[in-house]
2 protein chains.
Amino acid sequence: MLGLMQDWPLLCHRVIDHAATYHGKREVISRSVEGPIHRTNYAEVRARSLKVAQRLDMMGMKLGDRIATLAWNTWRHLEAWYGILGIGAIYHTINPRLFPEQIAYIVNHAEDRMIFVDLTFLPLIEKMAAHFPTLEHVIVLTDAAHMPATTLKNAVPYEEWLAEADGDFAWKSFDENTAAGMCYTSGTTGNPKGVVYSHRSNVIHSLVANQPGMVGLSPSDVIMPVVPLFHANGWSLAFSAPMAGATLMMPGAKMDGASIYELLDTEKVTVTAAVPTVWLMLLQYLEQSGKTLPKLERVIIGGAACPRAMIKVFEEVYGVDVLHAWGMTEMSPLGTVCSLKPEYSGLKGDAKLDVLSKQGHPPFSVEMKITDDLGTELPWDGKTFGRLKVRGPAIAKAYFKGEGGEILDEDGFFDTGDVAHIDEFGYMQITDRAKDVIKSGGEWISTIDLENLAVGHPDVAEAAVIGVAHPKWDERPLLVIVAKEGRAPTKEEILGFMEGKVAKWWMPDEVVFVPEIPHTATGKIQKMTLRERFADFRFPE
Amino acid sequence: MLGLMQDWPLLCHRVIDHAATYHGKREVISRSVEGPIHRTNYAEVRARSLKVAQRLDMMGMKLGDRIATLAWNTWRHLEAWYGILGIGAIYHTINPRLFPEQIAYIVNHAEDRMIFVDLTFLPLIEKMAAHFPTLEHVIVLTDAAHMPATTLKNAVPYEEWLAEADGDFAWKSFDENTAAGMCYTSGTTGNPKGVVYSHRSNVIHSLVANQPGMVGLSPSDVIMPVVPLFHANGWSLAFSAPMAGATLMMPGAKMDGASIYELLDTEKVTVTAAVPTVWLMLLQYLEQSGKTLPKLERVIIGGAACPRAMIKVFEEVYGVDVLHAWGMTEMSPLGTVCSLKPEYSGLKGDAKLDVLSKQGHPPFSVEMKITDDLGTELPWDGKTFGRLKVRGPAIAKAYFKGEGGEILDEDGFFDTGDVAHIDEFGYMQITDRAKDVIKSGGEWISTIDLENLAVGHPDVAEAAVIGVAHPKWDERPLLVIVAKEGRAPTKEEILGFMEGKVAKWWMPDEVVFVPEIPHTATGKIQKMTLRERFADFRFPE
């Protein structure tokens, strides 16, 4: 027997309808790529999105077509998203920080028919045009006055393109499981793989992200997503902000501390979200300038583990609540947020920082488990760590075109590739990447914990721990150290410093000193390269 | 092209799984029907719900079976709900305030196979047993020690019944559109009609109700639903509280001011919800006792329009935020909440009360429109009123067994039977019931507005306005007055008081004084009876 409730599919464009109807005058402010601050509102964004949809329809774009965007966070990018969604086409956000050959790969793999591109990235498209055989049209997110000369024959400025639509159009309606968006993950190995969101998953995910204790946006909030729309589904803020009717501050292309501060200050931003690197730049700017953050209430930090010191400065120096968050492109992306539940709400000082350094607890609809390599579930004691696996309505079940094969376990859980422990209250903490964790005599050693400990030594600038083959224990930890300039710590000093602070069998078997540790473009340690470099290393007898 | 997200049906029992896993130790406190305060938590409630499910399964209850409850808000009622949901059976909450013949009608119409009943209502079931041919089992929500002698052969105490399950059981899984719950509306005319919620609608509705600015529960909240689970799907609080991980305070059978105050105070309740009548009793108790409400942050008032004076006292005397809410059994039930959006957040005093007296604005997924009798949409200017129609995923599309026929308009909107206006910011205010509104020369006159105005006269105890047939204008307003004891206002005094405060053509054509106005069991004016009484009334020439 079925319920007798209305058939009302969860479609993304209903979100902008809601915002336009009940929060129509609420501002959408952008730092335009051209320079000036631009002000519009949800009613206008909705009206122009409808024109985007109409214009795409006029060009023969249809349900299921992939339409790329290569753009910063501005009102035009937002309009393009909702316009694409409104005809059942699929927004495919491209990360401009990928290598050009990766961009070529994903545009062709996705078979993008069109692209919306910011002025910033037009030269990239011009240079690579020959590699994009499927791309029929290039819409440059600017107006005729700012349109540069271009070698592209199929490029037109957005405003003039849009003006050809009269707005006499209605959104298309279709099944809520229809594909809505696409975002490729840039794995460290192999080609990027496409995650395909549905209208349903985006809507459910946004409702979930807006629960109190999660991102929890309200109409009183001014939210600035510094995290770009091309990063992991834009942390879903393009949906959750209009769903909540929150004022939206889109920061455009400038991510430096002074530019971000200027917007936080003048637009009275109450909530903002980005990766730790952005906040490092902001905190440096604040320290140098002596400015403060009186309006900002909470900062969402994700995309990489947030350093404890950063949480401390935001909380204790600037009085801003840190919401340490964790997610993945494959999770739409929100997995957990570290807000304080009653069990922890009375904590102060270091004890509070200990909790805030964890990645947090999930909202309803995100299920987690930790398992050993055989898939056996491990206890939630805040110590035992295992492979972190997740299940829910906004989590990938497969990649586009079946790349990567079967990715769920027999209970339908997706393996995140992270290693984590979970405490009795459901707070999860990442301890390693699965490919980095050291397996010693059947037990696991967290390289991140050892690194965090080693960098506490006053002479250590940077530390990396990798597993190296061992005849008896399979693998044992090798600690790689970059000393601070002018310092020359010894192996004994380092190990002596670490002793007693971790289990004895976790202690590195050897310490090596190097002038430099290799990093990825985003600043992460390239452990694979390190492992290759030390592949022939032998521990002393 | 479909998205590639996991198939994770929105099932209600996943809500209690979430609460048990991530908020397992959070308390569920009840005033038991037997008397003492009872304390449990979400982990235990979930474990016992699973036993209920197992026990129902053992008895041959299956997907789609209707299982009634006739009970106050306690942990056992909550366990019964989730147990019923967990095998795909349907909780059918019965309102004990219905007339016995109405209860007999709905039990038989629903074909309930079982009933969970509180001690309070056991005599009712005993008396009516012969009228319930489909009822195979009666589970009395108590233990053997408190089980009274009963004439029922098929009645057993809950605790002993439950003890026969060992908990080695798994929830059933099924399509999310499966019926989850049933609640009959008690219309003033005709038989009650059954609204059938689905698992999907309940889950979406709870996510929506928990958005900030709506009910917005968080793990830090202690929520006391004084509104019973049998009233309009229990305002969905049996789902939204565990979904949020909020502490749940179930008040049992005692609704008087002192009893409610005691729980608010000792259990540090932060949010509570009920109809105005309950709050009238509480406010009287507070005034008499001189007590205050320092812990209570917000009170949700719905089920009937909240008097302006009540909002004023809560806000200004006790410092409690009032969330005036509107909904219907057919809407799961939340339609709107009157939280202050930025457009209104700066208001003070009377201007603020003007807004808080409105029923408010809807969350995402509730669409509203107002129309005239022909279905033409009317403007949102805060003045023009029309039939209020709604659409969304948790709104009824039909009644059980097709009673009442087709209930949606051609665009899929459900006619609420209310008459309302909506302002430019989307705030809705009910001005009348559609069957009460007066149609004068093609224009509508709000009887509620006229009544509110008339009771402002110092000599008037109660006022009712009805439409009476008029040869030229179709209908014209007749004002029926009950004077205060010892007062004898004249028609001229009353009309003189009203003049200039409403449009001239709204002014009542005649005033009649009566000793008493007829009321329903829940205190509403019986306008139908009044209209019958004055059916032969003729306006003076």
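The values are calculated or read from the model by the stated rules, or taken from the named source; none is laboratory data. Please read all numbers here as calculations on a predicted model, not as lab measurements. Glycine also receives a Cβ, built like all others from the backbone with ideal geometry; neighbour counts cover every protein chain displayed. The area values use the complete protein model at the heavy-atom level, side chains included, leaving out ligands, DNA and RNA. Shrake-Rupley method; radii C 1.70, N 1.55, O 1.52, S 1.80 Å.
If the condition is being within 7 Å of chain A (Cβ to nearest Cβ), touching a Leu at 6+ places or on another chain (Cβ under 8 Å) and open to solvent by 10 Å² or more (accessible area, probe 1.4 Å), then segment B:204-217 contributes B:Q211, B:P212.
Being outside any strand (DSSP E or B) and either at pLDDT below 90 or buried (at least 16 other Cβ atoms within 10 Å of the Cβ) (or both) is the requirement here; does A:H421 meet it? Steps first, please.
Details: outside any strand (DSSP E or B): no; either at pLDDT below 90 or buried (at least 16 other Cβ atoms within 10 Å of the Cβ) (or both): yes.
When the stated conditions are applied, A:H421 does not pass them.
When B:L347, B:L353 are checked against the criterion of being over 29 Å from B:Y197 (Cα atoms), open to solvent by less than 10 Å² (accessible area, probe 1.4 Å), more than 13 Å from chain A (Cβ to nearest Cβ) and of a type in the set (A, V, I, L, M), a single residue qualifies: B:L353. At least 1 residues being open to solvent by 50 Å² or more (accessible area, probe 1.4 Å) and more than 30 Å from B:G335 (Cβ to Cβ) is the threshold, and among the helices (runs of 4 or more DSSP H) wholly inside segment B:429-541 those reaching it are B:491-498, B:527-533.
From the list A:K397, A:K401, the lone residue that is surrounded by fewer than 20 Cβ atoms within 10 Å (Cβ to Cβ) and in contact (Cβ under 8 Å) with a residue 40 or more places away in the chain is A:K401.
Of these, A:V320, A:V390, A:V313, which one is within 14 Å of chain B (Cβ to nearest Cβ) and of a type in the set (A, V, I, L, M)?
Numbers: A:V320 fails: within 14 Å of chain B (Cβ to nearest Cβ); A:V313 fails: within 14 Å of chain B (Cβ to nearest Cβ).
Matching residue, one of A:V320, A:V390, A:V313: A:V390.
Is one or more of the residues making up segment B:100-108 outside any loop (DSSP other than H, G, I, E, B), within 14 Å of chain A (Cβ to nearest Cβ) and not β-branched (V, I, T)?
Narrowing segment B:100-108 to residues outside any loop (DSSP other than H, G, I, E, B): B:100-108.
Next, from what is left, pick out any that are within 14 Å of chain A (Cβ to nearest Cβ): none.
No, segment B:100-108 contains no residue that is outside any loop (DSSP other than H, G, I, E, B), within 14 Å of chain A (Cβ to nearest Cβ) and not β-branched (V, I, T).
Only a single item in (1) out of contact with any His (no Cβ under 6 Å at 6 or more places or on another chain); (2) of a type outside the set (K, R); (3) open to solvent by less than 30 Å² (accessible area, probe 1.4 Å); (4) within 14 Å of chain A (Cβ to nearest Cβ) is not met by B:T336, and it is number (1).
When only residues in segment B:1-36 that are β-branched (V, I, T) and within 9 Å of chain A (Cβ to nearest Cβ) count, which is farthest from the chain's Cα centre (by Cα)?
So the first thing to find is which residues in segment B:1-36 are β-branched (V, I, T), and the list is B:15-16, B:21, B:28-29, B:33.
Then keep just the ones that are within 9 Å of chain A (Cβ to nearest Cβ); that gives B:15, B:21.
Details: B:V15: 21, B:T21: 30 Å.
Filtering first and then ranking leaves B:T21.
With (1) away from chain A (no Cβ under 14 Å); (2) in contact with a Phe, Trp or Tyr (Cβ under 6 Å, 6 or more places away or on another chain) as the list, and B:D57 as the residue in question, which single condition is left unmet? Going through the list (1) away from chain A (no Cβ under 14 Å); (2) in contact with a Phe, Trp or Tyr (Cβ under 6 Å, 6 or more places away or on another chain), B:D57 breaks only (2).
Only residues that are touching a Gly at 6+ places or on another chain (Cβ under 8 Å) and at pLDDT below 95: list them for segment A:268-283, please.
A:V275, A:P276, A:T277, A:M281
Taking (1) more than 19 Å from A:N95 (Cα to Cα); (2) more than 14 Å from every other protein chain (Cβ to nearest Cβ); (3) open to solvent by 10 Å² or more (accessible area, probe 1.4 Å); (4) in contact with a strand residue (DSSP E or B) (Cβ under 8 Å, 6 or more places away or on another chain) in turn, A:W279 satisfies each apart from (3).
When B:S201, B:S220 are checked against the criterion of being out of contact with any helix residue (DSSP H, G or I) (no Cβ under 9 Å at 6 or more places or on another chain) and either more than 7 Å from chain A (Cβ to nearest Cβ) or open to solvent by 10 Å² or more (accessible area, probe 1.4 Å) (or both), B:S220 stands alone in meeting it. Do you know which of the residues in segment B:356-387 that are farther than 29 Å from B:G216 by Cβ and of a type in the set (A, V, I, L, M) is nearest to the other protein chains (Cβ to nearest Cβ)? The extreme case among them is B:L378.
Looking for whichever is more than 16 Å from the chain's Cα centre (by Cα), within 30 Å of B:T270 (Cβ to Cβ) and outside the structural domain of A:I29 (by TED's automatic domain parsing) here; the options are A:E262, A:E297. Which one fits? Spell out the reasoning first.
Values: A:E262 fails: within 30 Å of B:T270 (Cβ to Cβ).
Being more than 16 Å from the chain's Cα centre (by Cα), within 30 Å of B:T270 (Cβ to Cβ) and outside the structural domain of A:I29 (by TED's automatic domain parsing) holds for just one of A:E262, A:E297, which is A:E297.
The lone criterion from (1) in contact with a helix residue (DSSP H, G or I) (Cβ under 6 Å, 6 or more places away or on another chain); (2) touching a residue at least 60 places away in the same chain (Cβ under 8 Å); (3) not assigned by TED's automatic domain parsing to the domain that holds A:I115 left unmet by A:G257 is number (2).
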